[in-house]
Every structure is written in C-alpha cells, then in structure tokens.
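Here's the structure we're looking at; comments come further down.
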Amino acid sequence: MQGRDNRIIMVFPPDIFSYITTEETAYKTREIQVGENWPWNMSNHISTSFHFKHGKYLNTSNDLKTKPPFHNIILPILEFRYAAEDRDVKDIIFETEDPEKQHLSFLIKKYWDDVFTIENNLDDFLDDAVEEKVDYGGVLIKKGAGAVPEVLPLQTIAFCDQTDILGGPIGFKFNFSPEALKTKAKLGWGDEKNGADITIDALVTLASKEKDVSGSPVEVRQNQTTGKNIEVYIVRGSLPEHYLKGDKEDLVNQVQVVGFYQDEKNIKKGVTLYKSTEKESVLKFHTPKKVFGRALGWGGVEALLDPQVWTNFAEIHKNNLLKAASKITLFTDDDNYTNRNKIRDMENLEITTIDKESRYGIRQVPTASPNIALFDRRVQELEAHGQKLAGATDPLLGAQPPAGTPFRLQERVVFEGKKPHERTAGKFDKFLEEILQDWVVPHMIRKITSGVEFLSELSSEEMEYVMQKVPRNRAVKRQWEDIIEGRDIGDLALYEEEEKQNLLRNGNRQILEILKDEFKNVKTKVKIRVSQKQKDMTGFVESLGNILRQYWTLPPEAKSDPTTQHLMNQILEASGLSPASLGGLTSRIASTPQISEQATRPMRELAETKTIR
C-alpha cells in the first residue's frame with residue numbers, strides 16, 4: 001500500500017500460513033520485467049529447463065505413441081559442460097598462513113581427502129552443484145548438519161524474490177514420509193519449546209497419500225503415493241516479529257517450519273513445527289552468467305531453447321514427409337476397376353484384370369519428396385549452432401578431425417576451446433572457496449583439534465615429503481627419550497635410518513596422526529587450485545622436451561657451471577615450469593654422460609612429423 005509520504009509500504013498477511021499461500025501463488029503466476037520486451041517467471045523457467053533437458057514437451061502429450069518427435073540436442077551438450085567444468089575434491093588445497101607450520105597443511109589436506117570428503121560424500125555435492133548451475137543458471141547451497149554444504153534443488157523453491165534470490169524471504173517446499181519427518185525431532189521440530197503448536201506424531205496422523213509435484217506451475221495433478229506424505233514449508237528471511245511472538249510489525253530475521261494438511265472438510269490447514277530467530281544466513285547462491293534484473297543467471301538449457309525448438313520443428317516436418325512417403329496410393333484410368341476389385345482386401349499373389357483400353361494399367365502415385373534433405377541439413381545446422389552457443393565444438397566433443405590435421409594443432413585447438421569453460425569454472429572455484437572458508441574449515445578444525453588418527457595412501461611426492469621430515473623428527477625424539485630415561489644417547493643417523501626402514505615397510509599406506517591441540521591458534525586458508533600440468537599436459541611436456549634438448553647439447557663443463565644452471569632455472573620459470581618441482585634436475589643432468597645428436601634424432605623427427613590420420 002502507499003503511505004502519506006508516497007512511500008510503498010509492504011503489508012504482510014496476518015499469519016505465516018496465509019503469507020506462504022499468497023507468496024506461493026504469486027511465485028507461480030507473477031512475471032517480472034527483465035527488459036522492455038522480456039517478461040520472465042522463475043518457476044516457469046525452471047520447469048521449462050527441466051522438461052527440455054530430459055527431452056519432454058512442456059504443453060504437449062509425451063505419450064510415446066502420439067507425441068511429436070523430440071530430437072534432443074540439449075542433453076549431450078550439457079553432459080560435455082558437466083565434464084569441462086567439473087571439479088574434484090582432490091583439486092582443493094589447504095594451506096596454513098604460518099610459514100613455520102606448513103607441515104600442518106599436509107595433514108589437513110590428507111584428512112580432507114581420506115576422511116572428511118568420504119564421510120560426507122562431498123564428491124556428489126560437487127557433481128550436483130556443477131549440474132545445477134549449468135542447467136538452470138544458478139545453484140543454491142545450504143549449510144547442512146556439521147557445516148557440510150548441501151545443494152538445494154531449485155525445484156524445491158516455493159517462492160522467493162524473482163529479481164534477487166536471496167534479496168528477500170525465501171520458502172522451500174518438501175514432502176516428508178512419516179519416518180523422514182520423525183528424524184527431524186533431533187533438530188527440535190514438533191517441540192513446544194521451539195514454538196511448535198503440534199507434535200510430529202500428531203501431524204503424521206493428519207497427513208494424506210498425495211504428494212505435490214515439486215517446482216510445478218499452477219494446477220498440476222498430484223501424485224498418489226503408497227504411504228502418507230507430509231507437506232512441509234521452510235521459510236527463511238526478514239519477516240514480521242509477530243510471526244514469532246507478540247504483535248510487533250518490526251522485521252526480524254527468522255526461520256519458520258510449517259506443515260499443511262487437509263481437514264475433514266477438505267480445507268487446507270497450517271500448523272507450526274518450529275520457529276526461531278536466525279542470526280546468520282545458512283544459504284549461499286552462485287550464478288556463472290549473471291542476468292541483470294533477475295534471480296537466476298543465463299542457464300545452459302535456456303541458451304539452447306531456440307535451436308531445440310527449431311530442431312523439433314524440422315523433425316516434425318520430416319516425420320510428416322516420411323508418413324506421406326510411406327503411404328502406397330495407386331491410380332488407373334480403368335473406370336470400373338475399383339468396383340470390380342477391392343485391393344485392400346486382396347490376398348498375396350491374387351490376380352486381377354485391367355481393361356484392355358487402359359493406357360496406364362495400375363501405377364503407384366509418387367509421394368517421396370526431395371524436401372526431406374533440406375530438413376536434414378537444417379537439423380545439422382541447428383545442432384552445430386547449439387554446440388557453438390555452448391562452447392562445445394567438434395574437437396572438444398571428440399569428433400574425428402580431417403585427415404592430415406597435425407597432432408599438435410589438434411591438441412592446441414582442444415586446449416584453447418576449453419578456456420571459456422575454465423573461466424566459468426574459475427568463478428565457481430571462488431564460490432567454493434567462500435563456502436569452505438566460512439563453513440567447512442572451521443568445522444573441520446574443530447574436529448581435528450581433539451586429535452585423530454587415520455590410514456592414508458600417499459602419492460610418491462607425499463611419500464618423499466614424509467621420508468624427509470618424519471624419520472629425522474622421530475630420531476630426535478628417541479634421543480630425548482634416551483636423555484629422560486638416563487640411557488646412553490644413541491646415534492642420530494642410525495636412529496634416522498631405522499625410522500626410514502619402519503616407514504618403508506608399510507609402503508605408501510601410512511597411519512597419520514594429528515595430535516590434540518596441534519591446530520590450536522593456527523590460521524588455515526583454502527585455495528581451489530588445478531595444476532597447470534593438468535590444464536596443458538601437452539604444452540608442459542613439449543616445453544620440458546625443448547629445454548632438455550638444448551641442455552644435452554652443452555659440454556659437461558658448461559652444464560656444471562653455476563651461471564649456466566642459473567640461466568636454465570630462468571628458462572624453466574619463463575616456460576611455466578618450477579625449478580623446485582623438478583628437484584634439482586639441472587645439477588643431476590650435469591653429471592650425466594652426454595647423449596649424441598644422432599641418438600636423439602629419430603625421436604625428434606617422429607615428434608615433429610606426427611599427424612592424425
């Protein structure tokens with residue numbers, strides 16, 4: 001409503017139940033204006049994207065016997081984008097901010113890889129998050145139990161601000177089985193102390209066997225289930241204080257858990273299972289391609305809607321041409337032939353007669369149309385256009401290149417084609433950093449400060465790191481024990497060698513122990529990092545090979561010269577390679593016998609002339 005000073009005053013319904021009902025209806029029916037000629041509804045956007053991704057028409061029968069053909073060009077392109085923008089838990093690197101405690105970075109990384117991610121199924125979380133943002137143009141993340149992030153499917157949104165998804169109150173709609181709802185009692189649901197006006201058991205007795213279709217537009221038929229289902233709404237955001245208690249109109253950030261059921265007169269009734277103030281948000285949202293003025297960004301399905309619609313148009317007309325061509329129609333100039341012979345009822349090899357005066361006899365009416373080739377070509381053009389829109393060109397999809405294409409050229413085309421996807425994935429990396437830094441790292445540090453022991457399989461580099469650090473530390477500890485126990489102090493080198501042998505007996509599978517309070521007062525940061533060698537392995541090998549060939553040609557005295565080694569390190573750095581990661585490669589090569597030019601020529605010629613055929 002409008003006040004005396006011409007300001008717009010938001011008037012909330014009298015209670016949370018009518019607020020939910022009003023906002024849910026508006027969310028499904030009300031459109032916002034994104035541009036001058038761009039009305040948009042978020043519920044319809046999600047529903048359309050969901051249907052088209054799975055090859056289903058939105059407002060046409062999907063009965064396989066009667067539905068028009070649907071040539072799905074969207075799903076294969078989406079599958080490519082999932083793979084191109086995928087992130088793995090192994091890509092996530094943890095580092096301590098204290099340079100003197102870098103060994104703790106190793107421990108927390110191994111705990112993350114071998115314990116935390118497995119216990120909390122974070123691989124599935126990353127996969128779901130990537131698919132959601134690619135499909136719909138955004139992903140909504142909730143801070144779950146134990147600070148573990150969870151993807152909230154956009155279909156579960158009952159209402160929100162369609163211009164800014166977290167800019168106002170947001171409601172989610174879920175359907176719980178009685179068993180699933182009862183597990184929520186540990187969160188305080190159904191407890192009078194938390195504002196509940198009904199217990200979970202009492203609500204279960206009122207539930208029906210019908211389940212609404214999540215994320216559906218208005219008036220969609222309900223699904224009948226084999227057991228009872230309870231309709232529950234979770235609402236978060238700034239709402240009137242009297243929704244919690246009292247009669248004040250001040251807005252307070254709160255969370256409300258509301259259940260609905262049908263009474264004996266078939267009237268929808270609402271009950272409260274939980275309500276409380278909420279000090280900090282437990283939701284985070286990310287969109288890879290923002291669209292100004294609307295809640296969701298530019299989605300992967302949305303980008304391909306036009307090519308998909310016109311592909312289906314061409315396929316439908318191709319199908320109609322095929323139907324026409326498959327009909328066998330006959331003609332004759334014998335006026336009485338049809339009356340004498342019923343061809344439709346004839347048996348195989350049955351003989352008929354034609355009037356002697358007939359010029360044509362019986363002939364088939366030609367129905368095949370050359371236009372079908374035009375539709376085939378149009379479908380190919382639309383598929384190519386869709387691939388271009390999504391950055392999924394033929395080389396990236398694994399298509400065979402033309403004969404004679406140089407191998408290096410093909411590799412470079414693939415590498416360059418992945419850059420737009422890496423850019424999009426980089427934005428998602430920053431979002432992941434925020435989630436992990438705000439939610440996961442503090443929780444994980446709390447877990448491991450109490451002390452933890454676990455079995456871990458180490459890579460060769462990690463094993464080398466352990467062999468450098470652990471035996472020496474254990475040897476020094478044994479010497480201290482000798483002093484404390486009053487024994488003769490053992491030889492440090494001997495102790496160290498014994499500890500190395502103990503570690504080597506276990507191979508790469510080692511028991512790691514994080515001591516109690518070891519991470520106390522240690523600041524830890526998280527970085528999402530994809531190895532440059534993973535991004536461009538071909539370029540890495542090529543650069544290293546070129547440097548090695550140059551270095552082999554030097555005389556031994558030049559290889560061992562400090563100035564030469566310094567220059568080689570500069571060349572390595574300029575080529576994008578780390579001298580430290582190569583572990584003193586130049587100094588080792590300096591003492592290695594020189595290989596002749598003739599010995600390396602066949603391999604170099606093969607590398608330079610290799611092509612794809």
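The values are calculated or read from the model by the stated rules, or taken from the named source; none is laboratory data. Predicted model only: the values in this text are computed from it and were never measured. Positions of Cβ are generated from backbone atoms using ideal geometry, with glycine treated the same way; all protein chains shown enter the neighbour counts. Note: accessible area is taken over every heavy atom of the protein model, side chains too, but ligands, DNA and RNA are not part of it. Shrake-Rupley method; radii C 1.70, N 1.55, O 1.52, S 1.80 Å.
Laid out as a table, the results:
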| quantity | calculated |
| --- | --- |
| Residue that is nearest to Lys109 (Cα to Cα) [pool: residues in region 474-488 that are exposed (fewer than 12 other Cβ atoms within 10 Å of the Cβ) and not charged (D, E, K, R)] | Trp480 |
| Single residue of region 368-396 satisfying the filter (of a type in the set (S, T, N, Q), open to solvent by 50 Å² or more (accessible area, probe 1.4 Å) and at pLDDT 70 or above) that is farthest from the chain's Cα centre (by Cα) | Asn371 |
| Qualifying positions in region 256-290 - over 30 Å from Val301 (Cα atoms), at pLDDT 90 or above and of a type in the set (Val, Ile, Thr) | Val257, Val258, Val271, Thr272, Thr277 |
| Of all residues in region 425-466 being of a type in the set (S, T, N, Q) and open to solvent by 40 Å² or more (accessible area, probe 1.4 Å), the one that is farthest from the chain's Cα centre (by Cα) | Ser450 |
| Number of positions in region 151-165 that are in a helix (DSSP H, G or I) and either touching a strand residue (DSSP E or B) at 6+ places or on another chain (Cβ under 8 Å) or buried (at least 23 other Cβ atoms within 10 Å of the Cβ) (or both) | 2 |
| Scan of region 324-346 for residues that are under 60 Å from the mean Cα position of the chain (by Cα) and either over 30 Å from Ser358 (Cβ atoms) or aliphatic (A, V, I, L, M) (or both), ordered by number | Ala324, Ala325, Ile328, Leu330 |
| Qualifying positions in region 509-537 - surrounded by 12 or more Cβ atoms within 10 Å (Cβ to Cβ) and at pLDDT 75 or above | Gln510 |
| Single unsatisfied condition, Leu349 versus (1) open to solvent by less than 90 Å² (accessible area, probe 1.4 Å); (2) at pLDDT below 80; (3) on the phi > 0 side of the Ramachandran plot | (1) |
| Unmet requirement for Glu357, which otherwise passes all of (1) open to solvent by 70 Å² or more (accessible area, probe 1.4 Å); (2) of a type outside the set (Ser, Thr, Tyr); (3) touching a helix residue (DSSP H, G or I) at 6+ places or on another chain (Cβ under 8 Å) | (3) |
| Number of the condition not met by Val130 [criteria: (1) at pLDDT below 90; (2) under 30 Å from Ile448 (Cβ atoms); (3) open to solvent by less than 60 Å² (accessible area, probe 1.4 Å)] | (1) |
| Selection count where residues are part of a strand (DSSP E or B), open to solvent by 20 Å² or more (accessible area, probe 1.4 Å) and either closer than 17 Å to Lys143 by Cβ or free of Cβ contacts under 8 Å to residues at least 12 places away in the same chain (or both), scope region 270-296 | 5 |
| Condition met for Glu422 (closer than 22 Å to Glu302 by Cβ and modelled with pLDDT of 70 or more) | yes |
| Per-region count, region 117-150, residues part of a loop (DSSP other than H, G, I, E, B) and closer than 30 Å to Thr22 by Cα | 3 |
| Within region 473-492, tally of residues that are under 55 Å from the mean Cα position of the chain (by Cα) and touching a residue at least 12 places away in the same chain (Cβ under 8 Å) | 6 |
| Yes/no for Asn121 being open to solvent by 50 Å² or more (accessible area, probe 1.4 Å) and on the phi > 0 side of the Ramachandran plot | yes |
| Residue check, Gln501 without any contact (Cβ under 8 Å) to a residue 40 or more places away in the chain, assigned to a helix (DSSP H, G or I) and open to solvent by less than 50 Å² (accessible area, probe 1.4 Å) | no |
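Yes or no, residue by residue, for (1) modelled with pLDDT of 70 or more; (2) of a type outside the set (Val, Ile, Thr); (3) open to solvent by less than 30 Å² (accessible area, probe 1.4 Å); (4) at negative phi:
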| residue | (1), (2), (3), (4) |
| --- | --- |
| Lys211 | no, yes, no, yes |
| Ser216 | no, yes, yes, yes |
| Arg221 | no, yes, no, yes |
| Thr226 | no, no, no, yes |
| Ile234 | yes, no, yes, yes |
| Leu239 | yes, yes, yes, yes |
| Tyr243 | yes, yes, yes, yes |
| Asp250 | yes, yes, no, yes |
| Gln254 | yes, yes, yes, yes |
